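Contents: one structure, followed by commentary.
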Amino acid sequence: MITINKILCPVDFFPASDAAVMYAAGLASQYGAKLHLLHVIAPVISSAYEFPMPTMDITKAAEESSKRELMVLEDTIRDTDVRVQVESRFGDVYDEIKRAIDVEKPDLLVMGTHGRRGAERWFMGSTTEKMLRHSPVPMVTISATGERSATPPRFRRILVTTDFSDGTPDALAYAFSVAQENESEVTLLHVLHDVSMDLSGKYRESLVSGVRKQLDTMVPPEAKNWCEISTRVETGVPYRIILRTLEDEKIDLLVMNIHGKGMLDRALLGSTAERVVRAASCPVMMIPPLKRRFKRKARPGGNHVAA
């Protein structure tokens with residue numbers, strides 16, 4: 001059964017973080033999950049400056065400020081009846097998030113992206129990028145321009161991109177589980193890169209037809225009972241096609257899998273996923289390689305659940 005019992009949301013009190021917190025609260029409300037807000041205070045290294053720094057005073061001020069900000073978030077979320085836990089830690093931001101995942105064992109990680117251009121685009125520097133590469137649990141990224149509302153999000157249209165790698169069944173399982181809860185329209189998209197498409201019209205048509213049939217076989221027959229499903233095969237630069245589809249189709253959630261072929265593939269996540277996350281107009285759910293596999297079974301009365 002695909003369940004979301006606990007959501008971990010790292011916060012840094014900037015707009016992208018605030019949007020992620022509200023989105024995470026909405027998801028927690030929808031799934032009856034507990035929300036864990038984590039703020040990490042990075043240590044002040046006095047040797048990095050040319051003049052003496054009162055590191056203890058700075059650290060204490062940062063801790064007090066963190067507690068005040070977390071209390072505000074806690075009060076706001078508790079007004080929505082979502083169970084919330086707040087925590088402040090000292091240390092390296094990435095390391096502490098990973099440690100929290102190991103200890104708290106969340107079902108979902110929600111983080112924000114700044115939504116700006118250039119090197120400062122990532123939430124908490126390169127932390128989001130590192131988590132994309134190494135998070136052992138599904139991860140949702142939210143842009144700073146996201147709607148700041150703790151109401152449960154509505155996923156009317158879900159886009160699932162696939163390159164037929166090992167993690168594709170996991171991504172589909174999550175996408176159809178979310179679609180079932182929301183009676184969503186689901187589109188499966190595969191992009192044939194221009195470089196690999198230097199073929200004559202006859203062979204290109206045959207290839208596209210074969211890919212479309214492969215996409216069709218990936219759809220559980222019973223999924224058609226609770227959502228509308230379509231498949232698309234496009235030719236072009238993958239990240240550009242994906243971003244254009246998000247805009248044109250007014251997608252509410254993009255689901256992508258992170259390659260599960262090996263450690264090197266994971267480390268070299270690639271420009272497609274990273275560029276999409278940076279510029280996506282909607283939340284992006286990234287599914288890492290998972291140990292479990294999913295089957296679907298019917299609920300009494302004809303509804304279905306993921307198991």
Quiz item: When the range 67-89 is examined, which residues are found to be surrounded by fewer than 16 Cβ atoms within 10 Å (Cβ to Cβ), in a loop (DSSP other than H, G, I, E, B) and at pLDDT 90 or above?
Solution: 83
Quiz item: For the range 45-65, what are the residues that are among the small types (Gly, Ala, Ser), modelled with pLDDT of 75 or more and more than 32 Å from the chain's Cα centre (by Cα)?
Solution: 61
Practice problem: Quick one: residue 42 ticks every box in (1) over 16 Å from the mean Cα position of the chain (by Cα); (2) at pLDDT 90 or above; (3) within 19 Å of residue 134 (Cβ to Cβ) except a single one, so which number is it? | Solution: (2)
Quiz item: Do we find a residue being buried (at least 17 other Cβ atoms within 10 Å of the Cβ), of a type outside the set (D, E, K, R), at pLDDT 90 or above and under 24 Å from residue 138 (Cα atoms) anywhere in the range 262-277?
Solution: no
Quiz prompt | Residue satisfying condition, being at pLDDT below 90 and in contact with a helix residue (DSSP H, G or I) (Cβ under 9 Å, 6 or more places away or on another chain), within set 109, 132 | solution = 132
Quiz item: Across the range 1-29, what is the number of residues that are touching a helix residue (DSSP H, G or I) at 6+ places or on another chain (Cβ under 6 Å), assigned to a loop (DSSP other than H, G, I, E, B) and either at pLDDT 90 or above or of a type outside the set (Phe, Trp, Tyr) (or both)?
Solution: 3
Quiz item: Restricting the range 182-211 to residues that are surrounded by 15 or more Cβ atoms within 10 Å (Cβ to Cβ) and assigned to a helix (DSSP H, G or I), which is modelled with the highest pLDDT?
Solution: 211
Exercise. Could you tell me whether any residue of the range 223-231 is farther than 26 Å from residue 133 by Cβ and free of Cβ contacts under 8 Å to residues at least 12 places away in the same chain?
Key: yes
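The values are calculated or read from the model by the stated rules, or taken from the named source; none is laboratory data. Bear in mind the structure is a predicted one, so any value in this text is a computation, not a measurement. As a convention, Cβ positions derive from the backbone with ideal geometry for all residues, glycine included, and neighbour counts pool all protein chains shown.
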